Amino acid sequence: MAKPVLLTVDDDREVLRAIERDLRRKYGSDYRVLRAGSGPEALEIVRELKIRNNSIAVFLIDQRMPGMSGIDFLSHAITLFPDAKRVLLTAYADTDAAIAAINEAGINHYLLKPWDPPEENLYPVLDELLEDWEAAFPPQFEGIRVLGNRWSPVSHNIKDFLARNHVPYRWLDIETAASDSEVRSLAELLDEEDMRSLPVVILPNGERLRQPSLVDLAEHAGLRTRATEAFYDLAIVGGGPAGLAAAVYGASEGLRTVMIEREAPGGQAGMSSRIENYLGFPSGLTGADLARRAVVQARRFGVEIISAEATEVRIDGPYRLLKLANGAELSCHALLVATGVQWRKLDAPGVERLTGAGIYYGAAMTEAMLTRDEDVYVVGGANSAGQAAMYFSRYARRVVMLVRGSSLAASMSQYLINQLKATPNIQIEYNSSVVAAHGEDHLEAISIYCVETKETNKVPANSLFIMIGAAPNTDWLANIVERDELGFIYSGPHLTRDGKRPNGWKLDRDPGLLETNVPGIFVVGDVRHGSVKRVASGVGEGSVAISFVHQYLSKVV
Ligand SMILES: Cc1cc2nc3c(=O)[nH]c(=O)nc-3n(C[C@H](O)[C@H](O)[C@H](O)COP(=O)(O)OP(=O)(O)OC[C@H]3O[C@@H](n4cnc5c(N)ncnc54)[C@H](O)[C@@H]3O)c2cc1C
């Protein structure tokens, strides 16, 4: 935590230095002592401290300063730090003015200059004031703050990225400036350019990032975006359950392991509000919790986790070279693809334009709190949609599930169907699909078509969460590994057709169970052709793949 500040202001340099010296000597280990030679200079410091969300414990201000008197300065400064204690430094002749100021500017104390010795004339006063201040003062939030508009897609992406990467942050909605003094004073302090470019991310050191890209944000939020080594035994692309399991097993068995994840470790599972069928967790656990635990475990074994997107693979003899979107490159002997699947897009007018502004893919848990007392629409009939509906039902007034089929039985686990039916504020509309989304700068209504009645109804809606299946995103590997017509990657037995090994395969063995048509490139989890799309199976495949990696590495030269 940044130390609270003692700010002293005096236009007499000698006096200023003396106060600073005395303050540092006694309070320097617990407080930061800052000084300014004039009121305007001090106001600049005060504004900057407010933007950084630092605290000021005490102002020690000279009353007689040219340009701006101590009282004038305080009347401005206390609007930003109303809890700070105020000490006015006066000459003997000013005492009447000082006494008057006690009422005007809420001065806690006035001190006559000079105060020597400080042990008698300065410290006892300050000790008492600091004791009071500490007792009443709530600790300030010192992490990243995001100031933006709820309906901005960029705001949503930033919040989602920080939350899923477990970076603590505070969301400040500009729309609440009238009722929230923190938002209001921040909005007043930021410059015009900042306010024109919302969302603005304010870092603990006061640096502002205007509408940052996720790569930029990752770099400033302390996430690693580049590999520390040029070469690894094992590189894993994708940090979902399958990639994380491979990372834990690989590193724990002595492989120099790097894992590259473009969004946040946890993958799809990280978005699950409650996983109830994972072995060993009888009352379920959230995907975020599972991801957090796995990341801690992986790091403990020395896995290097990089926040970046893999965009290209090249083969150079025994080396597999991986290019990242930020331009960095790394090489490895064994490469494991665990890139899972991404949400399929809903193709209806208005949906693309309003994505991030009321329309979200997946459960978007960062938005859940904001749906309090609203109607929420969830599109989809699989487990993910069911879990999302259960989750939102805790906040929203009503959750309407729009299911294309006439039943959930074929697509959803029975335990979840039972939970949905037992939740009074969840309504399930069968045979229904969203055919249009409406709204200027955010979602305001949706049109729902019912195949049974053949009618289309337009209903008001501010939140639409879409979970209509998923597809692999493997085009970047198209010229390297063999894929099926949907883009899922073939492995092991699927590669041997009519008793023939894959084209170009030169080894005198068949591709291993989780190996692709390129020796040393493995595939696990949802992205693998024929995989069972579950957390446990991804974890299983990720762990098992490491034994194939060992076998491969034992022969690689
Ligand atoms: C909302 C929801 C709820 C679910 N609930 C359950 C449940 O209760 N029980 C259950 O068993 N299963 C559940 N599932 C399914 C389960 O989450 C998936 O089967 C599992 O996450 C698949 O793991 P994976 O590691 O193969 O891929 P994913 O989880 O999809 O992870 C892949 C990761 O790779 C990253 N990535 C992709 N391309 C790149 C690239 N080029 N460079 C870098 N990184 C890349 C992605 O960002 C992603 O993080 C749920 C899924 C969802 C969406």
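Here are some notes:
- Surface share of carbon and sulfur [accessible, 1.4 angstrom probe, percent] for segment 60-99: 55 percent
- Helix 70-80 and the longest principal axis of the Cα set of the chain meet at an angle near 20°.
- Potential extension, R274-N503 segment - 0.36 nm per residue separation minus Cα distance: 78.1 nm
- Apportionment of accessible area to carbon and sulfur, segment 290-393, percent (1.4 Å): 49 percent
- For the chain, the spread of Cα positions along each principal axis, largest first, Å: 104, 67, 43
- Using θ = phi - 60° and Karplus 6.51 cos²θ - 1.76 cosθ + 1.60, couplings along segment 232-249 (whole Hz; Gly, Pro as x): 10, 5, 9, 10, 10, 9, x, x, x, x, 5, x, 5, 5, 4, 5, 5, 5
- Sequence-separation-based contact order of the chain, relative, with Cα cut under 8 Å and 6+ spacing, percent: 11 percent
- Label positions at V556 and T79, each projected 7 Å from the Cα along the C-beta direction, are separated by 6.4 nm.
- Principal-axis tilt of helix 153-164 within the chain, Cα atoms, nearest 10 degrees: 80 degrees
- Radius of gyration over Kirkwood radius for segment 314-468, both on Cα atoms: the Rg/Rh ratio is 1.12.
- Computed [θ] at 222 nm, helices only, for the chain once each DSSP H run of length n ≥ 4 contributes -39500 (n - 2.57): -9000 deg cm²/dmol
- Alpha-carbon centroid distance for the pair segment 25-102 / segment 378-429, whole angstrom: 58 Å
- ³J(HN,Hα) computed for each position of segment 378-393 - Karplus, 6.51 cos²θ - 1.76 cosθ + 1.60, integer Hz, glycine/proline x: 10, 9, x, x, 9, 3, 4, 5, x, 4, 4, 4, 4, 5, 5, 4
- 10 Å-binned pair-distance histogram of segment 1-159 (Cα, whole percent): 10, 39, 32, 10, 6, 2, 0
- Estimated translational D of segment 458-557 in µm²/s (Stokes, Kirkwood radius over Cα pairs; 4 °C; 1.567 mPa s): 85 µm²/s
- In sequence order, calculated HN-Hα J values of segment 491-508 (Karplus, 6.51, -1.76, 1.60; Hz; x Gly/Pro): 8, x, x, 5, 8, 9, 10, 6, x, 9, 6, x, 3, x, 6, 10, 7, 8
- Amide hydrogen neighbours beyond the local backbone of A221, cut-off 5 Å, H modeled: none
- Rolling a 1.4 Å probe over the protein heavy atoms gives the chain an accessible area of 46 Å² per residue.
- P(r) tail for segment 240-378: Cα pairs beyond 23 Å make up 48% of the total.
- Among E128, E304, the sequence by solvent-accessible area, most first, with a 1.4 Å probe is E128, E304.
- Debye equation applied to the C-alpha atoms of segment 350-393, log10 I(q)/I(0) at 0.29 Å⁻¹: -1.20
- Hydrodynamic radius (Kirkwood) for segment 154-231, which is based on Cα pairs only, to one decimal in Å: 13.8 Å
- Taking 0.36 nm per residue of separation and subtracting the current Cα-Cα distance, fully stretching the chain between E188 and E128 would add 18.3 nm.
- Amide H to amide H, with H built 1.01 Å from N, I466 comes under 5 Å of Y360, Y361, G362, V379, counting only residues 5 or more places away or on other chains.
- Whole-Å distance, taken between Cα centres, linking segment 480-557 and segment 140-157: 41 Å
- Against the main long axis of the alpha-carbon atoms of the chain, helix 287-300 sits at an angle near 80°.
- Computed on the Cα atoms alone, the convex hull of segment 197-239 gives a volume of 99 cubic angstrom per residue.
- Those trypsin sites (Lys or Arg not before Pro) in segment 284-368 that DSSP places in a loop and that have at most 15 other beta carbons within 10 Å: R344, K345, R353
- Spatial extent of segment 165-210: Rg and Dmax, with the Cα atoms as the point set, Å: 10.9, 31
- Amide proton proximity set for I428, modelled H, under 5 Å, gap of 5+: M401
- Loop-located chymotrypsin sites (Phe, Trp or Tyr not before Pro) in segment 398-494 whose Cβ has at most 12 other Cβ within 10 Å (DSSP): none
The values are calculated or read from the model by the stated rules, or taken from the named source; none is laboratory data. Fair warning: this is a prediction, and the values are worked out from it, not measured in the lab. Positions of Cβ are generated from backbone atoms using ideal geometry, with glycine treated the same way; all protein chains shown enter the neighbour counts. Side chains are part of the model used for accessible areas, which takes the heavy atoms of the whole protein and leaves out ligands, DNA and RNA. Shrake-Rupley method; radii C 1.70, N 1.55, O 1.52, S 1.80 Å.
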